[in-house]
Amino acid sequence: MTLPEYDDLDAIGLAEAVRKGDTSPRELLDAAAERIEARNPALNAVVYDMLDRARKKVDSLPDGPLKGVPFLVKDLKLTIEGTPTSNSSKLSKDTLATVTSVTARRYEEAGLQILGKTNTPEFGIMGITEPLLRGPCRNPWNPDHTPGGSSGGSGAAVAARMVPIAHSGDGGGSIRIPASACGLFGLKPTRGRVTMSPHMGEAWGGFVQEHVLARSVRDSALLLDIEAVPTPGEPYAQPAKERPWIEEVGRDPGKLKIAFFEDTLYAGDIHPDCRAAVQDAVTLLRELGHEVVPGCPPFDRKEMVRAYFLTVATGVARFVETTAEQAGRKPRASDYEPTSWLLAQIAWKTKAPELLAAQTTMQKQARGIAAFFEDHDLFLSSSLGRPPAKVGEVMPTGSELTQMALLRALNLGPLMKVALDTMGEGKLAYTPQTQIFNQTGQPAMSVPLYWNEAGLPIGIQLAARFGDEATLFRVGAQLEEARPWAGKKPPMLS
């Protein structure tokens, strides 16, 4: 490969090389294109090519902090004028955007070169990335396994060193899940930190936050500084940052009180590898001088899981309606994946007061969780309930598809409610740890500290008080220094 140092430098490192004259934006573009061509066929991470657009812009890039750094964006929600954002739905795969999202514009103003769009499940609703439209994305650490979802394409591309960072979004764990599965650093910001202007003020009732997947803590911090600029008309407010987040990286976090939990939060049993990863992190944090004690925020699991799925179902229903409207037709089952259609049907059978009751439930539970963080600085758990699943393992089984077809045919409200109440029992067993912090709006990150005997990454989740990304960046950088992960590369790169 040309520019062999490309694989080892993070985004800030590449930008520094450009500023020093050691390389150029065009050389970085060519290096990234070469790696995408060589590595993507085995992974199916990049699903839309924007290289020609990038080549037309490469000699006139803004002189921003990341000038020349190659970048990919997730093919979900975020739009770039003149390109499609398919959301992995066949109805919108060819619909060209007429406006560029504010966040995408900020990326390009910072000097990033957007080279393409990455694979995601339809409407981002799965913790895996196996859309029927594009086919499954695979994990660079072992292509038989998933890179997680919904930002699985971004995770696979960063882990495979196609780009040093990539845009992602997290509505139920979709940054932290692929960060864990791909051995990356992934932080979900506080609710409302990153604008979704001009298209919407929130997605999935405020669950979704956009940010990036990265190989270094400092890249994540700098990107949040770039993204999280106050924007008029936002529906949420957050505590202001004391200083730029990039300046928190390397800052002493002090002695923190950290609660740890070895079990699962929402469903299933914890896998021994995930429990071992938690125990390993507890030992490391104690060695770093922190007070680490057993503990878990109080919440009603059944109520929170139901409220989560009901809110997601409502968001998916609106996605279905929007894509059908853009196509000039009424929504019909044949245009969508079975899971998407079932969630939409559940939403259409739900009365408005039921959604309001779910919101009230989450707000009530969030107060108890916030009180827990008055006495604890951080909460530690595994990022996932299990190691990365095999491709196909979490997709609907034949019997589940039959049940969905029956529900479509009967379309009975009571049966839909039964489906809603039982939805979390099986499908959340792989990803039971992340959703609660989308519901409360608190920031949370996945840190790559542990690999199991099979060579698969097992991430550690740390959550902080609402608005306190600073502590997460400080501790993340402290862990990165104590247990460096940058040198770990997937076998496909050896």
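Worth a mention:
So that you can scan it fast, the table gives a plain yes or no per residue for (1) under 18 Å from Ala463 (Cβ atoms); (2) modelled with pLDDT under 95; (3) of a type in the set (Phe, Trp, Tyr); (4) surrounded by 24 or more Cβ atoms within 10 Å (Cβ to Cβ):
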| site | (1), (2), (3), (4) |
| --- | --- |
| Pro140 | no, no, no, yes |
| Gly152 | no, no, no, yes |
| Pro164 | no, no, no, yes |
| Gly171 | yes, no, no, yes |
| Lys188 | yes, no, no, yes |
| Gly192 | yes, no, no, no |
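- Flag for Lys67 being at pLDDT 95 or above, basic (Lys, Arg) and open to solvent by less than 10 Å² (accessible area, probe 1.4 Å): no
- Residue within region 335-345 that is in contact with a Leu (Cβ under 9 Å, 6 or more places away or on another chain) and closer than 30 Å to Phe373 by Cα present: no
- Residues that are in a helix (DSSP H, G or I) and either open to solvent by less than 30 Å² (accessible area, probe 1.4 Å) or over 25 Å from Gly186 (Cβ atoms) (or both) within region 366-385 comprise Ala366, Arg367, Gly368, Ile369, Ala371, Phe372, Phe373, Glu374, Asp375, listed in sequence order.
- Lone unmet requirement of (1) under 30 Å from Arg105 (Cβ atoms); (2) open to solvent by less than 50 Å² (accessible area, probe 1.4 Å); (3) without any contact (Cβ under 8 Å) to a residue 12 or more places away in the chain for Trp245: (3)
- Some residue of region 144-156 being in a loop (DSSP other than H, G, I, E, B) and of a type in the set (A, V, I, L, M, F, W, C): no
- Hey, Thr95 over 22 Å from Leu224 (Cβ atoms), touching a residue at least 60 places away in the same chain (Cβ under 8 Å) and β-branched (Val, Ile, Thr) or not: yes
- Gly183 being at positive phi, at pLDDT 95 or above and surrounded by 20 or more Cβ atoms within 10 Å (Cβ to Cβ): yes
- Residue that is closer than 27 Å to Ser382 by Cβ and modelled with pLDDT of 95 or more, where the choices are Val229, Val158: Val158
- Scanning region 1-51 for residues that are of a type in the set (Ser, Thr, Tyr), under 25 Å from Trp141 (Cα atoms) and open to solvent by less than 20 Å² (accessible area, probe 1.4 Å) yields a single hit, Tyr6.
- Matching residues, region 211-234, being of a type in the set (Lys, Arg) and either open to solvent by 30 Å² or more (accessible area, probe 1.4 Å) or part of a helix (DSSP H, G or I) (or both): Arg218
- Restricted to region 126-137, and to residues there that are in contact (Cβ under 8 Å) with a residue 60 or more places away in the chain and surrounded by fewer than 24 Cβ atoms within 10 Å (Cβ to Cβ), the residue that is nearest to Leu43 (Cα to Cα) is Pro136.
- Of all residues making up region 435-469, the number that are hydrophobic (A, V, I, L, M, F, W, C) and crowded, with 22+ Cβ neighbours inside 10 Å: 10
- Residue within region 276-299 that is touching a Ser or Thr at 6+ places or on another chain (Cβ under 8 Å), within 24 Å of Gly173 (Cα to Cα) and among the aromatic types (Phe, Trp, Tyr) present: no
- Within region 315-336, the set of residues being open to solvent by 30 Å² or more (accessible area, probe 1.4 Å) and either charged (D, E, K, R) or in contact with a Lys or Arg (Cβ under 9 Å, 6 or more places away or on another chain) (or both) comprises Arg318, Glu321, Glu325, Arg329, Lys330, Arg332, Ala333.
- Flag not set for Ala237, criterion: buried (at least 22 other Cβ atoms within 10 Å of the Cβ) and either over 30 Å from Glu291 (Cβ atoms) or without any contact (Cβ under 8 Å) to a residue 12 or more places away in the chain (or both).
- Only residues that are of a type in the set (A, V, I, L, M) and open to solvent by less than 40 Å² (accessible area, probe 1.4 Å) were counted across region 338-364, and they come to 7.
- Residue in region 252-269 that is among the basic types (Lys, Arg), without any contact (Cβ under 8 Å) to a residue 12 or more places away in the chain and closer than 30 Å to Ala482 by Cβ present: no
- In region 255-362, counting only helices (runs of 4 or more DSSP H) that sit wholly within it, the ones holding 2 or more residues that are within 22 Å of the chain's Cα centre (by Cα) and modelled with pLDDT of 95 or more span 272-287, 301-326.
The values are calculated or read from the model by the stated rules, or taken from the named source; none is laboratory data. Since the structure is predicted, the reported quantities are computational estimates derived from the model, not experimental observations. So basically every Cβ, Gly included, is an ideal-geometry build from the backbone, and we count neighbours across all protein chains shown. To get the accessible areas, we keep the full protein, side chains included, count just its heavy atoms, and leave off ligands, DNA and RNA. Shrake-Rupley method; radii C 1.70, N 1.55, O 1.52, S 1.80 Å.
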